[in-house]
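Nothing in this text is a laboratory measurement; each read-out follows from the coordinates by a stated rule. A quick note: this is a predicted structure, and the numbers were derived from the prediction, not measured. Neighbour counts run over all protein chains shown; Cβ positions are idealised from the backbone, glycine included.
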Amino acid sequence: MTNIRTDLALEVKELHESTSNESIPGVSVVTDGNDDIRITRVRVEDEIGARLMGKPVGNYITLEIPRLKEKDIDLMEDVSRALAKELIKLIKLNDKSVILVVGLGNWNITPDSLGPKVVEKIMVTRHMREYLPEQIDESVRSVCAISPGVLGITGIETSEIILGVVNKVKPDVVIAIDALASRKLQRVNTTIQISDSGINPGSGVGNNRKELSEKTMGVPVIAIGVPTVVDAATMANDTIDMVIDNLIKEAKNEKSFYEMLRNIDREEKMALISEVLSPQMGSLMVTPKEIDDFIEEISDVIADGLNISLHPGIHMDDVHRFTN
């Protein structure tokens, strides 16, 4: 399969099907939702599917919200509710459950600051349940949160910091939030992925760190991510394909020539584009110029979804009263 940088299981599935013209064995797909919030549930069911997808066995739920950039308050609240609904189905919690929320990423780099921004807005209650139990309703669960930073800031592997906290706090589940990479520009800032198979921080930008998963942490790890960047070589490749497609439509006598260009081996085309770009720009990732505003808004959406999913007694009307 073409070496395309993406963290989205949906995009891996789409790419495989576009190149092989067949579905992936060991992978099931269910679609749901509407034009405002399209939900695709990809389940990697066995090791065959995991090998072909390059993703561990588990569930990968993608919420696509094409109008998310429009700053529609009602839509954003609907997205928070949809996110909460998917999380409730994915995580089995009881009133005594302890949840650790981890904000992955570098707060000094805007496209990578999603995790720390979400953590700032989480309703943390573990300390209150410990020191003020008489003032906490049973429908409010024990939630704690941490933003461990990145290796370049702390000098410590993120997974080591989190494992130390897990061993001390002993949560029933870890929920990790991180910025992702997409292979399609239209999915940047319009998509949320949830998975129950853990996460490899930095994998989408070629900066793999040690994985966070049930295998490494000893407890289930739920990952929530939003693509905030796209690989420049991938974007150039897709742009070239679109130009060629338009030229084929417009051409009268040269269609065979453009068809030949379009059908060049994908591996060869990507290798050629990367060869041209890399000496000039290195491993370049691209993000939209309005990323600052978007990170603030999407962190609100994700934090609201988490707060109403983790605390049964908290509803959308209550979240800002408790967190602001």
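Dividing the summed -39500 (n - 2.57) terms of all DSSP H runs of n ≥ 4 by the residue count of the chain sets its mean residue ellipticity at 222 nm at -13000 deg cm²/dmol.
Between Asp74, Asp300, Asp292, the residue with the greatest mean-square fluctuation in the GNM of the chain (Cα pairs under 10 Å linked by springs) is Asp74. Highest mobility in the GNM of the chain, judged by mean-square fluctuation with C-alpha springs under 10 Å and restricted to Met242, Met285, Met123, is found for Met242.
The slack between Thr216 and Glu259, meaning 0.36 nm per residue of separation minus the straight C-alpha distance, is 10.7 nm. At most 13 other Cβ atoms within 10 Å and a DSSP loop assignment: could you name the GluC sites (Glu not before Pro) in the range 94-173 that fit? Sites meeting the loop and neighbour criteria: Glu138. Note on the chain: Cα-Cα pairs beyond 32 Å make up 31% of the total pair count. Net length available on complete extension from Lys289 to Ile240 is 15.4 nm, with 0.36 nm assigned per residue and the Cα-Cα distance removed. Just checking the listed ones, Val44, Val226, Val243: in the Gaussian network model of the chain with Cα springs under 10 Å, the one fluctuating most is Val243.
Within the shell defined by Cβ-Cβ distances under 12 Å, the residues around Val57 carry a net charge of -1, with Lys and Arg each +1 and Asp and Glu each -1.
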